[in-house]
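Where a number appears in this text, it was derived from the coordinates with a stated rule and is not lab data. Not measured: the values here are computed from a predicted model. Neighbour counts run over all protein chains shown; Cβ positions are idealised from the backbone, glycine included.
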Amino acid sequence: MKIDPINFVIEDKLIVEKNIYFVSGNEITLMEKIKEIIISNIKTSAVEKIKNVSLIRNDLSLFDSKKIYVISELASVDESCLDELSSKNDVFIFFYQNSPKIRKIKNIFGKRSDCILFDCYELNKETKSKVINKYLNNLNLSLEEEAYWKLVDRLDDKFMLLEKELLKLSSLKNNQINEKTIDELISNNSSKIEKIFFQLLNDNEYIIKQYKAKITNDSDVSELYYIFKRYSLLFLSSGNQIEFENNIPLYLFKEKNYLVGLYKKFNFRKKRVLLNLLYKTERALRKSGELSFVLGLQFLLSFKKIIIS
């Protein structure tokens, strides 16, 4: 049985009581939220993370009537395995990001009435609106129409980042929010700024155009710098390609080939130059004042120059 993950999050409770869940997709923060809600709605303190179903044990404590298993691999999972698990009192959460090789097993979970499948993807305008509407209703807040759509556009496409920004609204006293309030309270969509990093191999004219479109104030410049610094530390701290690939966060699986391609362009000399650029830029930004916009663009183009040189 397939259930919409956003509707599930909005309800914040188990809509249908089942004991087998498959949480998948490409949006790891929404997957984590789904897992968190499932666990919080089941009355047990016994939660165990295991690699595969062969490691399931029947060793409950005196205080728990059931155990929750969070399973990270799909080895040996088929119809007969699910039949056996369904007959047990324990709860099984299969937690696995999308890949072509799991299409068949996802179809099995989706068709079975004794299993629940959550397919988690990045939010779009429609799903963001659902979350925002629920949150505003809970807080008894209303927005002017222009402010509402600015909020939708500004909030991140990743659930956990969106939720973090929405929490700021709970501090408001007035129940009417305008565009100025949104500008002051909600930071620019960090995923839009982050996309600049994944456009570095385009020509300079395109990069400058994207920078001017996405970076509008000192806060955006700072966000851009620290996004680039985070990826830089990933390059600098990895001793070889295998180590680098293992250090890439799971939610960036779609950008993995791009990141590996950039890593291959670095050598010892380039890493030293990059480290020096980070140091000088951070020091300059602290003193920049109104010049931060120019400094941010200089940093961006210098970063690209290091990569392609």
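Put one equal scatterer on each alpha carbon of the range 122-241, apply the Debye formula with no solvent term, and list log10 I(q)/I(0) at q = 0.21 1/Å to two decimals.
-1.20
Going by alpha carbons, how many degrees (0 to 90, nearest 10) lie between the helix axis of 145-154 and the longest principal axis of the chain?
Value to nearest ten degrees: 90.
Lys/Arg Cβ at +1, Asp/Glu Cβ at -1, dipole of the chain taken about the Cα centre: which of THR181, SER238, ILE196 is farthest positive-ward?
About the Cα centre, the residue reaching furthest to the positive side is SER238.
Simple spin-label model, 7 Å along Cα-to-Cβ: LYS270 to GLU73 in nm?
So the label points at LYS270 and GLU73 sit 3.5 nm apart.
Simple spin-label model, 7 Å along Cα-to-Cβ: SER288 to LEU301 in nm?
In this crude label model, SER288 to LEU301 measures out at 1.4 nm.
Excluding ASN204 itself, what net charge comes from residues whose Cβ is under 15 Å from its Cβ, given Lys and Arg +1 and Asp and Glu -1?
Details: positive: LYS209, LYS212, LYS304, LYS305; negative: ASP203, GLU205.
Once positives and negatives cancel, what remains is +2.
What is the dipole size for the chain, taken about its Cα centre, with +1 at each Lys and Arg Cβ and -1 at each Asp and Glu Cβ, in debye to the nearest 20?
Numbers: 50 positive and 42 negative charges, 265 e Å.
Approximately 1280 debye in magnitude.
Place the peptides 220-229, 127-136 in order of packing, highest mean first, counting for every residue the other Cβ atoms within 10 Å and averaging per peptide. Spell out each step's value before the answer.
Working: 220-229: 19.3, 127-136: 17.5.
In descending order of packing, they fall as 220-229, 127-136.
Once the Cα atoms of helix 268-288 and of the chain are each reduced to a long axis, what angle between those two axes, in degrees from 0 to 90 to the nearest 10, is obtained?
80 degrees
At 222 nm, what value in deg cm²/dmol follows for the chain if DSSP H runs of at least 4 each add -39500 (n - 2.57) and the sum is divided by all its residues, to the nearest 500? Present the calculation step by step, with values, prior to reporting the outcome.
On the way: 15 runs with 167 residues, N = 309.
Using -39500 (n - 2.57) per qualifying helix, the result is -16500 deg cm²/dmol.
Please go through the residue pairs LYS128/LYS271; LYS2/LYS33; LYS18/LYS130 and name each one whose alpha carbons sit more than 28 Å apart in this structure. Don't skip to the end; give the middle numbers.
Values: LYS128/LYS271 39 Å; LYS2/LYS33 17 Å; LYS18/LYS130 25 Å.
As for pairs spanning more than 28 Å Cα to Cα, those are LYS128/LYS271.
Using only the alpha-carbon atoms, how far is helix 125-139 inclined from the longest principal axis of the chain? Give it as 0 to 90 degrees, nearest 10.
80 degrees
Of the residues TYR96, TYR206, TYR121, which exhibits the maximal mean-square fluctuation in a Gaussian network model of the chain defined by a 10 Å Cα contact cut-off?
Result: TYR206 has the largest fluctuation of those listed.
If you work out Kirkwood radius over Cα pairs in Å from the coordinates, which of [x] 19.2; [y] 19.9; [z] 22.3 do you get?
[z]
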